[in-house]
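As structure tokens, the structure follows; a few thoughts come after it.
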Amino acid sequence: MADVSLVDISKRFGAVEAVRNLSLSIADGEFVVLLGPTGAGKTTTLRLIAGLERPDRGIVVIRGRDVTREVPADRDVAFVFQQYSLYPHLTVYDNLAFPLRSPAHRTDESLIRRRVQHVAELLHIEQKLGNRATALSGGEMQRVAIGRALVREPAVYLMDEPLSSLDAKLRAELRLELKRIQRELGTTILYVTHDQIEAMTMADRIGVMNEGELIQLGTPRDIYERPESAYVASRLGMPTINLVPAEALAGQSPPEARTAGLRTEHIRIFPPYHPGPRARVYLVEHLGDQNHVHLRLDAHSLVTLADPAQELKAGDEVSLEFREPLYFDQRGNRIVTQRRPA
Ligand SMILES: Nc1ncnc2c1ncn2[C@@H]1O[C@H](COP(=O)(O)OP(=O)(O)OP(=O)(O)O)[C@@H](O)[C@H]1O
């Protein structure tokens with residue numbers, strides 16, 4: 001049974017249609033990530049599930065129950081926001097225990113102790129239980145904020161960029177921990193982010209949103225390898241997929257293609273005597289383990305990655321080979337091409 005379903009939801013704020021005809025089912029124990037640019041409607045989707053907004057149209061179903069008309073407290077959800085929102089005067093223990101002591105979830109103190117202890121261990125903050133919330137680092141505060149949601153064991157966790165205020169190292173660490181905890185506890189999570197690495201590494205399925213619509217929903221691999229459109233293709237991949245007119249690929253493109261999408265793995269760089277389209281290197285950025293190579297192919301700019309061992313410098317002429325690029329028609333929809341046998 002799907003734990004959370006949105007059925008044909010729309011929500012308008014004045015002239016802005018924040019969410020449009022959105023249907024989404026999240027299975028029990030599934031980790032779904034909503035990815036999309038600012039203003040795409042991601043936060044509004046979470047707020048509609050939490051009951052912080054009422055849809056103009058459509059219904060919200062949690063654990064098989066239509067909760068569309070219910071207030072937030074009656075829905076079985078926990079929300080983790082981008083900012084920690086802890087009670088500064090309380091200890092870590094009391095912050096974690098707080099949701100279990102609310103009138104809506106009155107719980108026996110010995111059970112509270114066990115739950116708090118368990119969650120503190122999961123998040124590696126058991127040494128900090130006696131500290132005041134203000135005596136914590138940013139990363140520890142955000143762990144407590146996540147922990148406050150985890151003590152409750154609701155039907156679904158709604159997380160709105162919970163790691164975005166942290167530095168890169170902590171974000172990478174907590175990303176792994178969150179995924180581990182989700183696997184261990186079998187929790188259902190709907191998670192909003194701008195960060196494609198978070199989406200790729202944590203999600204069972206990614207939903208790509210744009211202008212209030214869910215435009216593709218699939219596994220990270222599906223979204224990356226089989227994007228339905230050039231727009232979806234450009235949401236995942238570092239550097240961003242190169243979109244060039246199909247004719248730039250010199251007869252290689254199918255006739256109906258208007259645009260070719262070249263990811264770094266679709267571009268191979270050879271010395272100039274190798275057959276293939278000629279390009280010129282105009283910038284090489286050294287990133288340590290990789291080089292970002294900026295190329296000019298006729299009037300088009302391409303960015304790709306290269307092994308630092310491959311000697312390339314600005315001004316070099318090179319020959320390119322394009323291997324199984326993606327192709328898009330004039331509406332930007334991907335053209336499904338036959339893959340070469342491996
Ligand atoms: N309470 C509100 N009143 C008016 N407009 C709103 C309100 N909440 C959201 N919007 C508008 O709805 C659209 C979707 O906003 P939403 O916050 O859901 O986007 P988002 O994808 O979460 O963006 P971000 O990544 O910046 O958080 C935006 O145009 C936003 O300005």
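For the chain, take the longest principal axis of its alpha carbons; what is the angle in degrees between that and the long axis of helix 92-101, to the nearest 10 within 0 to 90?
70
So if a site counts as exposed when it's one of the trypsin sites (Lys or Arg not before Pro), its DSSP state isn't H, G, I, E or B, and it has at most 15 other Cβ atoms within 10 Å, what's the longest stretch of the chain without one?
Between the exposed loop sites, the longest stretch runs 107-312.
Count the lysine pairs in the chain that are 8 or more places apart or on different chains: how many have C-alpha atoms under 23 angstrom apart?
Total qualifying Lys-Lys pairs in the chain comes to 5.
Under 20 Å from the 7 Å Cα→Cβ point of Ser164, by amide nitrogen: which residues of the stretch 207-232?
Flagged as within label range: 207-216, 232.
Taking only C-alpha pairs under 8 Å that are 6+ residues apart, what is the relative contact order of the chain in percent? Could you put the intermediate results ahead of the total?
On the way: 690 pairs, mean separation 56.6, N = 342.
In percent, rounded to a whole number, it is 17.
Would you please name the GluC sites (Glu not before Pro) within the stretch 246-342 that are DSSP coil residues with at most 11 other C-beta atoms within 10 Å of their C-beta?
Glu256, Glu311
Excluding ligands, DNA and RNA, what is the solvent-accessible area per residue of the stretch 242-331 at a probe of 1.4 Å, expressed in Å²?
Details: 4880 Å² over 90 residues.
Here the residues of the stretch 242-331 average 54 Å² of exposed surface.
Tell me the angle of helix 168-185 to the major Cα principal axis of the chain, expressed in degrees between 0 and 90 and rounded to the nearest ten.
It works out to around 60 degrees.
Could you work out what % of the accessible surface of the stretch 2-233 is carbon and sulfur, using a 1.4 angstrom probe and leaving DNA, RNA and ligands out of the count?
Summing carbon and sulfur atoms, their accessible area is 50 percent of the total for the stretch 2-233.
Report the residue, chosen from Gly186, Gly130, Gly251, that carries the largest GNM mean-square fluctuation when the chain is represented by alpha-carbon nodes joined by springs under 10 Å.
Maximum among the listed residues: Gly251.
Can you figure out the FRET efficiency of His300 with Glu184, using R₀ = 56 Å and their beta-carbon distance, to the nearest 0.05? Display every interim value, and only then the final one.
Details: r = 48 Å, r/R0 = 0.85.
For R0 = 56 Å, the calculated efficiency reads 0.70.
Connecting C-alpha atoms closer than 10 Å in a GNM of the chain, tell me which of Asp204, Asp222, Asp289 has the biggest fluctuation.
Taking springs between Cα atoms under 10 Å, the residue moving most is Asp289.
Tally the DSSP beta bridges in the chain and give the antiparallel ones as a percent, rounded to 5.
75
The values are calculated or read from the model by the stated rules, or taken from the named source; none is laboratory data. Predicted model only: the values in this text are computed from it and were never measured. Glycine gets a Cβ as well: all are built from the backbone with ideal geometry, and neighbour counts include every protein chain shown. For accessibility, only protein heavy atoms count, side chains too; no ligands or nucleic acids. Shrake-Rupley method; radii C 1.70, N 1.55, O 1.52, S 1.80 Å.
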